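One structure is given below, encoded as structure tokens.
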Amino acid sequence: MKIVDIARLSAAAHRYGALAVVDNTLATPINQRPLELGADLVIHSATKFLGGHADALGGGVCGPSDLVNRIYHFREINGACLEPMSAYLLLRGMKTLHLRVRQQNESAMRIARFLESHSRVARVFYPGLAAHENHDIACRQMTGFGGVLSFALHGGFEAVKEFLPRLRYANLAANLGAVETVAGPPATTSHVESTPEERAASGIPEALIRYSVGIEDADDLIADLEQALDSRGEPASR
Ligand SMILES: *Cc1c(COP(=O)(O)O)cnc(C)c1O
């Protein structure tokens, strides 16, 4: 949930003759357009928001044709090719991208505010919150703050293990960007290969939970988080 100043980073790269490449997977092209901010290439995991239904794997690279053609040629030689069913599902998914992302932006903002006000939550990371350390940069370069947020519980990883199984709507998985809400701890998913010291150095608390907001009713998601946070000590029903 860290925010990088893309215009500044791109200008710095160009001063040294380097290219600036932005992975825009979490922001989506609806919320952030790095090429307009000076980046040279943009990459997306289409598996996430672009496809949006957690049923196809794919990726894309966007930019000026001279750069993209070099990548295309490399791909031709190496033989990577999107299989037809995935291509179809990604095309179909992308038709509702703007609608899904609009809903996800709105719900994520409400959920971030709810979590920020809860006593069992130690920190909330969401670029749309005024408390985010780079909220000003996010406001300059994004038109929406996205559907992914993270939050740390009081009580360390033990609290995470108790909390996650209590969620009734969120799927517990490592994916993000789907129509279904997905939650998981970076300590055992995206950053499982880092040591606790490395995670701490990257600003990832052990009790951090990544929460990718789906298109479910936001009131239901908030009620679900609330019951899971408040039912501490009682056995989980699932
Ligand atoms: C998932 C992800 C990737 C990898 O994409 P796959 O489609 O799973 O291979 C790359 N970047 C980001 C930011 C991701 O979330």
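Things worth noting here:
- Hey, Phe151 under 19 Å from Gly203 (Cα atoms), at pLDDT 95 or above and touching a strand residue (DSSP E or B) at 6+ places or on another chain (Cβ under 9 Å) or not: yes
- Single match in Thr181, Thr189 (criterion: at pLDDT 95 or above and either open to solvent by less than 50 Å² (accessible area, probe 1.4 Å) or touching a helix residue (DSSP H, G or I) at 6+ places or on another chain (Cβ under 8 Å) (or both)): Thr181
- Beta carbons closer than 8 Å, at least 6 apart along the sequence or on distinct chains, pair a first residue in the range 54-80 that is open to solvent by 90 Å² or more (accessible area, probe 1.4 Å) with a second that is in a helix (DSSP H, G or I) and not acidic (Asp, Glu) for Leu57/Ser86.
- Residue within the range 31-45 that is among the acidic types (Asp, Glu) and in contact with a Ser or Thr (Cβ under 8 Å, 6 or more places away or on another chain) present: yes
Yes/no per residue for (1) under 30 Å from Asp219 (Cα atoms); (2) in a loop (DSSP other than H, G, I, E, B):
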| residue | (1), (2) |
| --- | --- |
| Lys2 | yes, yes |
| Ala13 | no, no |
| Val22 | no, no |
| Gly52 | yes, yes |
| Leu90 | yes, no |
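- Count of the range 8-61 residues, restricted to those that are aliphatic (A, V, I, L, M), under 17 Å from Gly144 (Cα atoms) and more than 16 Å from the ligand (Cβ to nearest atom), is 2.
- Matching option when the condition is of a type outside the set (Ser, Thr, Tyr), within 23 Å of Asn105 (Cβ to Cβ) and open to solvent by less than 10 Å² (accessible area, probe 1.4 Å), among Leu167, Leu208: Leu167
- Among (1) touching a residue at least 40 places away in the same chain (Cβ under 8 Å); (2) open to solvent by less than 80 Å² (accessible area, probe 1.4 Å), the one test that Arg102 misses: (2)
The values are calculated or read from the model by the stated rules, or taken from the named source; none is laboratory data. It should be emphasised that the depicted structure is a prediction, and the values quoted were computed from it without experimental measurement. Using ideal geometry, Cβ is built from the backbone for each residue, glycine included, and neighbour counts are taken over all protein chains shown. Note: accessible area is taken over every heavy atom of the protein model, side chains too, but ligands, DNA and RNA are not part of it. Shrake-Rupley method; radii C 1.70, N 1.55, O 1.52, S 1.80 Å.
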